[in-house]
1. Inside the range 1-13, can you point out the residues that are out of contact with any helix residue (DSSP H, G or I) (no Cβ under 7 Å at 6 or more places or on another chain) and either surrounded by 21 or more Cβ atoms within 10 Å (Cβ to Cβ) or within 17 Å of residue 154 (Cβ to Cβ) (or both)?
2. Out of curiosity, is residue 250 part of a strand (DSSP E or B) and either surrounded by 15 or more Cβ atoms within 10 Å (Cβ to Cβ) or at pLDDT below 95 (or both)?
3. If the Cβ limit is 7 Å and pairs must be 6+ apart or interchain, which residue in the range 212-234 that is closer than 18 Å to residue 253 by Cα pairs with which residue that is surrounded by 15 or more Cβ atoms within 10 Å (Cβ to Cβ)?
4. Out of 121, 179, which single residue is at pLDDT 95 or above, crowded, with 20+ Cβ neighbours inside 10 Å and closer than 21 Å to residue 23 by Cα?
5. Are there any pairs with C-beta distances below 7 angstrom linking a residue in the range 193-208 that is at positive phi to a residue that is assigned to a loop (DSSP other than H, G, I, E, B) and at pLDDT 75 or above, with the two at least 6 apart or on different chains, and if so which?
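The values are calculated or read from the model by the stated rules, or taken from the named source; none is laboratory data. Because the structure is a prediction, the values reported are computed rather than measured. Here the Cβ is made from the backbone with ideal geometry for all residues, glycine too, and neighbour counts use every protein chain on show.
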C-alpha cells in the first residue's frame, strides 16, 4: 500500500515541496488508512510538506464526538473538527425513501472547500481508492452514457483548490486488512442508516463477484484506464477523425477490428503468480 500510494503521488505529481495537505478524515477505514500512509510518507519523503487532518462533525444523532479528537491527539497530528449541522438540512430537504447521499456530499464538499481556504491548505486529500474509481467508471457508463471516473488529481468545483486521491492505486480489500491490523477506531455513517446509493452498491457487488470468480480481471480493468486509445473509440471531440486521410499513416495499430485481441490465458493481478488462477478465455472472431 505504501508503494502504491507513493507511485500514485509520483505519477500525478500530487504533493510538492512546501504543500500543506488537508486530509479529510471521515472516521472510515479509507481516510484512516490515507492519513496513516501520508504520515509515514512525510517522514521518509525527500520533500517537506505539512499535514492537517480535518473532520466534519455533521451533528448526526449518536455521533461519538470524542473518538477522532482522542485518536488524533494521541497520534500527535495537527487537526481541526468542523461542526456544521448538515444532518438537519438533509433530513428536511430529502423526501422519505429518497437517497440522501447526493445532497449530503454537496454540502460536505462546500464546507471542506471553505475550510481549506481558512487553513491555507494547498491540497485537499480524499480517501477514494481503486475500487471507488472503477465503480464510478461503471456507473457513468451504465447510467450516464459517459466514459469517465474519479481522477486522481483535479481542480475543485469552485476552481480554488487542488483535490488529490493518494489511494488511487490501492485496493479496497488491502485497505480493509490494513484497517483491521491497525485497529483504527472506525466510525460508521449513521446519517441515513448507513444508506448507500443502490446503483453503486449493485456495481460494487458485481465487481466483487468478478474479483472472486476471475482473479486479475479487476486489475486488468483498472489498467485500461491508464491505457486509453482515443483513435480507436468514437469520441470525435477527443480525436480528429474528420481529417484522417490516406496520407495520415497507420494510427495506433490501424484497423484491428478483426484481429485477435492480445489476451493472456488468464487475467492476472500484479501480485498473483499461480498459473491455475484466473479466467480461461476462448477468443472467437465474429465477422
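1. Let us first name the residues in the range 1-13 that are out of contact with any helix residue (DSSP H, G or I) (no Cβ under 7 Å at 6 or more places or on another chain), namely 3-4, 7-13.
Within the range 1-13, 8, 9, 11, 12, 13 meet the criteria.
2. Numbers: part of a strand (DSSP E or B): no; either surrounded by 15 or more Cβ atoms within 10 Å (Cβ to Cβ) or at pLDDT below 95 (or both): yes.
Considered against the rule, which asks whether it is part of a strand (DSSP E or B) and either surrounded by 15 or more Cβ atoms within 10 Å (Cβ to Cβ) or at pLDDT below 95 (or both), residue 250 comes out as no.
3. Once the first residue is closer than 18 Å to residue 253 by Cα and sits in the range 212-234, its partners that are surrounded by 15 or more Cβ atoms within 10 Å (Cβ to Cβ) give 230/239; 231/239.
4. Values: 179 fails: crowded, with 20+ Cβ neighbours inside 10 Å.
Of the residues listed, the single one that is at pLDDT 95 or above, crowded, with 20+ Cβ neighbours inside 10 Å and closer than 21 Å to residue 23 by Cα is 121.
5. Close Cβ pairs satisfying both conditions: 194/188.
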